[in-house]
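**Q** Quick one: the structure is below, and I'll ask about it shortly.
The values are calculated or read from the model by the stated rules, or taken from the named source; none is laboratory data. Computed from a predicted model, the values in this text were never measured in an experiment. Cβ sites come from the backbone with ideal geometry, for glycine too, and all protein chains shown count toward neighbours. The protein model used for the area step is the full one, side chains on, heavy atoms only, and it has no ligands, DNA or RNA in it. Shrake-Rupley method; radii C 1.70, N 1.55, O 1.52, S 1.80 Å.
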Amino acid sequence: MLQIADKTFTSRLLLGTGKYPSFEVQEEAVNISKAEILTFAVRRMDIFEPSQPNFLEQLDLEKYSLLPNTAGAKTAEEAVRIAKLAKASGLCDMVKVEVIGCDRTLLPDPVETLRASEMLLDEGFIVLPYTSDDVVLAKRLVDLGVHAIMPGASPIGSGRGIINPFNLRMIIEQSSVPVIVDAGIGSPKDAAYAMELGADGVLLNTAVSGAGDPVRMAHAMKLAIEAGRLGFEAGRIPEKNYAVASSPNEGLIT
Amino acid sequence: MNIQLNGRQQELSADIKTIAQLLASLSLEKRIVIVELNKEIINKTAYAERPIRNGDKVELIHFVGGG
């Protein structure tokens, strides 16, 4: 079970809702993923096209917890404004703090992320900051009292997978709150790897929405995350430099 | 009356005096929409009374797909 603040989730997959080829595909992908937490962005309505379908309005909101992000914010103050707008919907009390510090890499701004997290905690939000894989920054966020930390595997949408497992493992070992590996996941192997490192969950979007068959990939990610978690809980064998025979050395037929 | 609606100048007909009437005129009354008036988030329960005045800046916000 994944526990974030006072909420408990069976699924350890958090799924983004951006860039699917169609609503039908998206709905099927969400269903088969068994994700219980869905991320959204907060934007101006296109009021001159108000009849456009909105995925959120087609969802059974009893079944899902919404995790709005503050994407688009470049400062803590902008992130707080977006978070408050999201909360005013009455549909959510969690927020993914996302304050981007560089347009090319979309890497988070560590100073503004820390400030935004502090301000949002003061406002009573359940705060899940998207952060880099910096071990000390993660510790500072945990010390602030955030409810989960979400270090990136690699840059958003890059699909490069886990480029710094060493740092992620240290973040996981040091954290007293759930660690959700967010951003950069490309394939099921990446998701399984994150879970084998001991992550409490994985947040991904493009890896599913941009896949050749998003529905099959959503299913694959669900299985990969379950497999990785089971493997972590089971405790893997230590790595050795040389072979160790699986068959007995006794009773050899000579 | 002229307001700034989602960043664009918008002329409103004379019978639109409240947020509720503005949302109805845009067929948004049943949609998931968050209203910000001059940077202040407006509680849903206040839509019917809260007046809109000439020069107001109104933002109509919703959730879209995102990661």
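**Q** A:Glu226 passes all but one of (1) open to solvent by less than 90 Å² (accessible area, probe 1.4 Å); (2) assigned to a loop (DSSP other than H, G, I, E, B); (3) of a type outside the set (Lys, Arg); which number fails?
**A** Failed condition: (2).
**Q** Conditions: (1) in contact (Cβ under 8 Å) with a residue 24 or more places away in the chain; (2) within 24 Å of B:Asn6 (Cα to Cα). A:Glu49 meets all but one. Number of the miss?
**A** (1)
**Q** In the range A:208-222, which residue that is out of contact with any helix residue (DSSP H, G or I) (no Cβ under 7 Å at 6 or more places or on another chain) and within 22 Å of A:Leu67 (Cα to Cα) is nearest to the other protein chains (Cβ to nearest Cβ)?
**A** A:Ser209
**Q** Report every pair of residues separated by at least 6 positions or lying on different chains whose Cβ atoms are under 8 Å apart, first residue within the range A:104-115 and open to solvent by 60 Å² or more (accessible area, probe 1.4 Å), second among the acidic types (Asp, Glu).
**A** Sorted first by the residue in the range A:104-115, then by its partner, the pairs are A:Pro110/A:Asp134.
**Q** Quick check on my filter: what residues within the range A:14-62 are farther than 27 Å from A:Pro178 by Cα, in a loop (DSSP other than H, G, I, E, B) and either among the aromatic types (Phe, Trp, Tyr) or at pLDDT 95 or above (or both)?
**A** A:Tyr20, A:Phe48
**Q** Further question: Identify the residue in the range B:48-67 that is more than 12 Å from chain A (Cβ to nearest Cβ) and buried (at least 17 other Cβ atoms within 10 Å of the Cβ) and, among all such residues, is nearest to B:Lys17 (Cα to Cα).
**A** If we take residues in the range B:48-67 being more than 12 Å from chain A (Cβ to nearest Cβ) and buried (at least 17 other Cβ atoms within 10 Å of the Cβ), then B:Ile52 is nearest to B:Lys17 (Cα to Cα).
**Q** Here's a follow-up. Within the range A:38-61, how many residues turn out to be more than 21 Å from the chain's Cα centre (by Cα) and not hydroxyl-bearing (Ser, Thr, Tyr)?
**A** So the first thing to find is which residues in the range A:38-61 are more than 21 Å from the chain's Cα centre (by Cα), and the list is A:44-54, A:57-58, A:60.
Subset that is not hydroxyl-bearing (Ser, Thr, Tyr): A:44-50, A:52-54, A:57-58, A:60.
Number satisfying all stated conditions: 13.
**Q** Looking at (1) more than 10 Å from chain B (Cβ to nearest Cβ); (2) open to solvent by less than 30 Å² (accessible area, probe 1.4 Å); (3) within 23 Å of A:Val177 (Cα to Cα), which is the one condition that is false for A:Ala73?
**A** (3)
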